[in-house]
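Only one structure is covered here, and it is reproduced in the block below.
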Amino acid sequence: SLSKGFVPTADEPNGWKSSEVAKQLQDAPSLYNRYLERLNAKVLPLRSQVKALQSQRTKGHENASVNAVYLKQLEAELTREEGWLFLAHNEGKQLTSIEARLAPNSQESPDRKAEAVRHLERLTAHWNTRVNG
């Protein structure tokens with residue numbers, strides 16, 4: 001974790017090792033993309049299943065009452081996973097903002113850069129957990 005090693009050095013007065021941050025920034029987009037792929041791999045089949053069951057229900061399929069319970073469960077799961085997907089898109093925007101704040105030509109204050117580093121750590125830890133378990 002970068003913030004645990006947050007000790008100012010003579011050449012890096014902001015208190016973080018720019019090489020570690022650069023590595024984390026470099027790896028973050030591919031980790032984020034793997035996270036999005038994982039979410040989409042759950043959401044897309046769920047959407048298809050829900051649509052298929054809804055279609056059966058409207059056609060008066062003989063298993064309509066059994067499917068109604070299953071449909072409610074699938075709809076709840078789909079809603080939850082779409083919520084994660086919505087949050088993930090916001091996290092992608094946050095990553096773009098972090099990249100700008102930590103860019104070499106950034107005019108951000110050392111405090112704002114340190115805040116961006118901590119935010120980057122939180123996001124990548126979350127994505128790692130969701131991707132790698």
Report the full-extension gain for the segment LYS23 to ALA41: residue separation times 0.36 nm, less the Cα-Cα distance, to one decimal in nm.
3.7 nm
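Roughly speaking, to the nearest percent, how much of segment 44-133's 1.4 Å accessible area is carbon and sulfur?
Roughly 54 percent of what the probe reaches on segment 44-133 is carbon or sulfur.
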Which length gain, in nm to one decimal place, applies between SER55 and THR79 when the Cα-Cα distance is subtracted from 0.36 nm times their residue separation?
6.8 nm
How many angstrom lie between the C-alpha centres of segment 107-131 and segment 33-59?
32 Å
SASA check, ARG122, accessible area w/ 1.4 Å probe, all protein chains in place, rounded to nearest 10 Å², comes out at 140 Å²
With a Förster distance of 41 angstrom and the Cβ-Cβ distance between GLU121 and VAL69, calculated FRET efficiency to the nearest 0.05 equals 0.45
Compute the distance in nm between two label points, each set 7 Å from the Cα along the Cα-to-Cβ direction, one at GLN94 and one at THR129.
1.2 nm
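The values are calculated or read from the model by the stated rules, or taken from the named source; none is laboratory data. None of the values given here were measured: they were computed from a predicted structure. Ideal geometry is used to build each Cβ from the backbone, glycine not excepted, and the neighbour counts take in all protein chains shown. Just the protein is used for accessible areas: all its heavy atoms, side chains included, with ligands, DNA and RNA removed. Shrake-Rupley method; radii C 1.70, N 1.55, O 1.52, S 1.80 Å.
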